[in-house]
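Just below is one structure, and these are the notes that go with it.
The values are calculated or read from the model by the stated rules, or taken from the named source; none is laboratory data. Just so it is clear, the structure is predicted and the values come from calculations on it, not from any experiment. Heads up, the Cβs are rebuilt from the backbone with ideal geometry, glycines too, and the neighbour counts pull from every protein chain shown. Heavy atoms of the whole protein, side chains included, go into the accessibility calculation; ligands, DNA and RNA do not. Shrake-Rupley method; radii C 1.70, N 1.55, O 1.52, S 1.80 Å.
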Amino acid sequence: MSKLTSTNTVDASEVAKFEAMADEWWDPQGKFKPLHMLNPLRVEYIVEQIATQFNRNLNSTKPFKGLRLLDIGCGGGLLSEPMARLGAEVVGADAAARNIPVAQVHAKQSGLTIDYRNTMAEALVDEGELFDVILNMEVIEHVASPQALLNACEALLNKSGLMLCSTINRNPKSYLVAIIGAERVMRWLPAGTHQWHKFIRPPELADMFKVTRLELIDKRGFIFNPLLWRWSLSKSDLSVNYVMAVIKPA
């Protein structure tokens, strides 16, 4: 296991951005429209990876029953709720305090029991928490120290545990698509939501996993087709949005 430090991964300016948008988490036409569009594909990939890792039958009523899952940077609960419906015991953690009541109210309206907390990964490590699955989706490009976040996640994973980590590649194409296209042309997100220099190239993320000794088992690109107006998975195109699946050795 990698040596943990007391590094605080929270970037106050990033937290402020998402606090300002907290009331719009569940508006599919609001400031989180890109996530609502991407979410069905994210959930499909996550469910497939969890079912494979833990040999779960997706035809059963609650296939993830008995699994403890952490949703880092849970926001309003767009991923926490589907995981809870599948039977997982879900802890949703977010550094933005205003996100938590939004998530709690929506979960209650949906008849779901989810443990939402205004906290960060390092604090959960200090509390001795352990999880079978960690969802680290579209978070790492918003923290002060990506490596410190991954170090904390490794400490939070049970042996044979699974983590899914998605982010945005750093190259000219991602600048055009994620910054110019999404923020300035389509105005799907407020200008300044993303900082291109904080995007992470796939080889860089893979190297961070090596530091933590987490083992990379899968990687896919999330590809948006503007003509068909839909997202799809790619095994080869990680040029903009992508996800990696890693496990903690037994």
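Details
- Of all residue pairs spaced 6 or more apart or on separate chains, those with beta-carbon atoms under 7 Å, a first member in segment 110-132 that is aromatic (Phe, Trp, Tyr) and a second member that is in a helix (DSSP H, G or I) and surrounded by fewer than 17 Cβ atoms within 10 Å (Cβ to Cβ) are Tyr116/Gln104.
- Scanning segment 123-145 for residues that are touching a Leu at 6+ places or on another chain (Cβ under 8 Å) and either open to solvent by less than 20 Å² (accessible area, probe 1.4 Å) or more than 19 Å from Leu67 (Cα to Cα) (or both) yields a total of 11.
- Every residue from segment 235-250 that is open to solvent by less than 60 Å² (accessible area, probe 1.4 Å) and closer than 23 Å to Thr52 by Cα: Asp237, Leu238, Asn241, Tyr242, Val243, Met244, Ala245, Val246, Ile247, Lys248, Pro249
- Pro101 meets all of the listed conditions (1) touching a residue at least 12 places away in the same chain (Cβ under 8 Å); (2) open to solvent by 10 Å² or more (accessible area, probe 1.4 Å); (3) over 22 Å from Leu38 (Cβ atoms) but one, namely (1).
- Close Cβ contacts (under 8 Å, 6 or more residues apart or on different chains) running from residues in segment 45-58 that are at pLDDT 95 or above to residues that are among the polar types (S, T, N, Q) comprise Ala51/Asn57; Gln53/Ser160.
- Search result, residues across segment 44-67 that are under 19 Å from Pro249 (Cβ atoms) and either touching an Asp or Glu at 6+ places or on another chain (Cβ under 6 Å) or surrounded by 13 or more Cβ atoms within 10 Å (Cβ to Cβ) (or both): Gln49, Ile50, Thr52, Gln53, Phe54, Leu67
- Contact annotation: residue pairs with Cβ atoms under 6 Å, 6 or more positions apart or on different chains, pairing a residue in segment 82-93 that is open to solvent by 20 Å² or more (accessible area, probe 1.4 Å) with a partner that is at pLDDT 95 or above and among the β-branched types (Val, Ile, Thr), are Pro82/Val43.
- Restricted to strands (runs of 3 or more DSSP E) entirely inside segment 151-234, those with at least 2 residues that are at pLDDT 95 or above and crowded, with 18+ Cβ neighbours inside 10 Å are 157-168, 215-225.
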